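For reference, the structure discussed in these notes is given below.
The values are calculated or read from the model by the stated rules, or taken from the named source; none is laboratory data. Keep in mind that what you see is a predicted model, and the values were worked out from it rather than measured. Positions of Cβ are backbone-derived with ideal geometry, glycine not excepted, and every protein chain shown enters the neighbour counts. The accessibility values were calculated without ligands, DNA or RNA, using every heavy atom of the protein model including side chains. Shrake-Rupley method; radii C 1.70, N 1.55, O 1.52, S 1.80 Å.
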Amino acid sequence: MKDRFTLIISSLIIADLLTGLLLNIGADFFRIGLLVKITTEFIVLTYYVVHLKKVTILSMYLSMIILFLLWVIGSLNSFFNNPLFDYPYSFLVLNRYFFLFLMSCLFFHLAEDDSFDMKCKRIFEVFFIANNLLIFLGVIFHVNFFSTYNPLGLVPLSEQRFGYKGLISGGNDVAGLYIIGVAYFFRKKFVYREGSYLLLIATVLAAMFTGTKATFIAVLAIGLYYMFRYRIKLFSGLMVPVFSSVLLYGYYQWDYVKEKLLDSLIQKLNSNPLTYLMSGRNDFIIHHFKYIGEKWNLANHLVGDGFLYSETDFFDLYFFFGIIGLLLYMYLYARIFFSIDRSFDNLYVFIVLMGIAFTAGHIIQSAVVPLFVLLYVFSIKRLSYD
């Protein structure tokens, strides 16, 4: 199994890229990633049944059993009371939630190998080198194929929203990947003092070129934190001229800045700041709570309904698994995230990631991001932290 790890993880990533490729060309069937993931999950689930004596693996299986029972109760309630409920789609969402736990069994088992962190680093970095290149190609040559918002080229260039993501499907998925990626490369360079600045800078630029608000906010938060904590001279030397340049540009080009940049932003903020920041997801939440007030019973609050979806991960866990499932899932997610690195740096990255997940969503309930979360967690270099 150890020798096959790179092949397994690479196959999962390549399958996701093929999914994005088929989506971008408008193919009728594109769910290559789903087929590969389901096959891999079944193999992992079967293989680790004989390793249940290990506490970590046993806890994952027991947690999935509890969450499955919660889903069964909630989905049965929806099946009999909600004509819009769709069992295949609900099961697909359940599979996404279980993907992190199932794959963590593989990672925890192989982490006993001293070279395992290097394998994780190698896969992680190769992906970002390749995807950064695709994003840069999209930006330089205006390749719609790699666009975040117009991969099919249906919107004229003059009207489309700026952003390039490579082949990974879904802007939110790419935002989650690049939050993790930027945190990884800042940690590698500033904490471990390994490698050059080239890959860090390339990943930060690629993250900004994705064109998503979530990525911009997270990259800014993580980058400023690492520079302030580990490179205070660089932070001061960089931020002072940047801040001064922005002020001078704003002063001498105020009319342009006001008309082209600020007016649109101010109008959106004046209309509804929360709607702008959450890209309308707050309207889904309000609508869903009206539905909950009318349709849910006490059991639904405890076990969810396996149906409602708002693209904000905190509420989606509550909608899908109820209060019990929400608390259990987030407890296990945090235990995995801090299983090796309990430093303040990692806590800060976790807070930023969860802040984006709870307001922008589709990071926890994602078919792509959990694998990179595990690669990030298990690529940690075992150091003595303050």
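Before moving on, here are some points about what is shown:
- Per-pair calculated FRET efficiency, R0 = 45 Å: Ala130 and Leu302 via Cβ, rounded to 0.05: 0.50
- Cut-off 14 Å between beta-carbons: net charge of the residues surrounding Phe85, Lys and Arg +1, Asp and Glu -1: -1
- Long-range HN-HN contacts of Gly361 with modeled amide H, under 5 Å: Asp313
- Cut-off under 5 Å, modelled amide H: who pairs with Ser147 long-range: Lys165
- Peptides 359-368, 176-185, ordered by how many other C-beta atoms sit within 10 Å of their residues on average, highest first, read 176-185, 359-368.
- Exposure ranking of Phe42, Phe29, Phe350 by accessible area [1.4 Å probe, largest first]: Phe42, Phe29, Phe350
- Listed values (i) 65, 54, 43; (ii) 80, 56, 38; (iii) 57, 45, 36, entry calculated as Cα extents along the principal axes in Å: (i)
- Viscosity 1.002 mPa s, temperature 20 °C, Stokes-Einstein D of the range 104-221 from Kirkwood C-alpha radius, µm²/s: 141
- Separation of the Leu52 and Leu35 label points, Cα + 7 Å toward Cβ, nm: 3.2
- Cross-linked pairs Lys165/Lys213; Lys189/Lys233; Lys189/Lys213; Lys189/Lys381; Lys213/Lys233; Lys121/Lys233: Cα-Cα separations exceed 19 Å for Lys189/Lys213; Lys213/Lys233; Lys121/Lys233.
- Rounded Å value of the spacing that divides the Cα centres of the range 81-152 and the range 330-348: 20
- Along its principal axes, the range 283-336 has C-alpha extents of 36, 24, 13 angstrom, given from the largest down.
- Cα→Cβ-extended label distance, 7 Å offset, between Tyr149 and Val72, nm: 4.5
- Of the accessible area of the chain, computed with a 1.4 Å probe over protein heavy atoms only, carbon and sulfur atoms account for 70 percent.
- The listed residues Val155, Val49, Val44, once ranked by accessible area (1.4 Å probe) with the largest placed first, stand as Val49, Val155, Val44.
- Rounded to the nearest 10 Å², the accessible area of Arg96 at probe 1.4 Å: 40
- Per-residue ellipticity at 222 nm computed for the chain from its helices equals -23000 deg cm²/dmol, with DSSP H segments shorter than 4 residues left out and the rest contributing -39,500 (n - 2.57).
- Förster radius 35 Å - calculated FRET efficiency between Leu92 and Lys381 (Cβ-Cβ, nearest 0.05): 0.45
- Rounded to the nearest whole Hz, the Karplus-based 3J(HN,Hα) values (6.51 cos²θ - 1.76 cosθ + 1.60, θ = phi - 60°) of the range 199-210 follow the sequence 5, 4, 5, 4, 5, 4, 5, 4, 4, 5, 6, 5, with x at glycine and proline.
- Estimated vicinal HN-Hα couplings, Hz - the range 120-131 in sequence order (Karplus 6.51, -1.76, 1.60; Gly, Pro = x): 4, 4, 4, 5, 4, 6, 4, 4, 5, 4, 5, 6
- Ordered from largest to smallest accessible area (heavy atoms of protein chains, 1.4 Å probe), the residues His51, His301 come out as His301, His51.
- Only protein heavy atoms count here; on that basis, with a 1.4 Å probe, Leu52 has an accessible area of about 60 Å².
- Shape call, the range 1-93: gyration tensor on alpha carbons, a/c limit 1.5: oblate
- FRET efficiency estimate (nearest 0.05) - Cβ-Cβ, Ile351 to Asn81, R0 35 angstrom: 0.40
- Cα→Cβ-extended label distance, 7 Å offset, between Asp28 and Ile140, nm: 3.8
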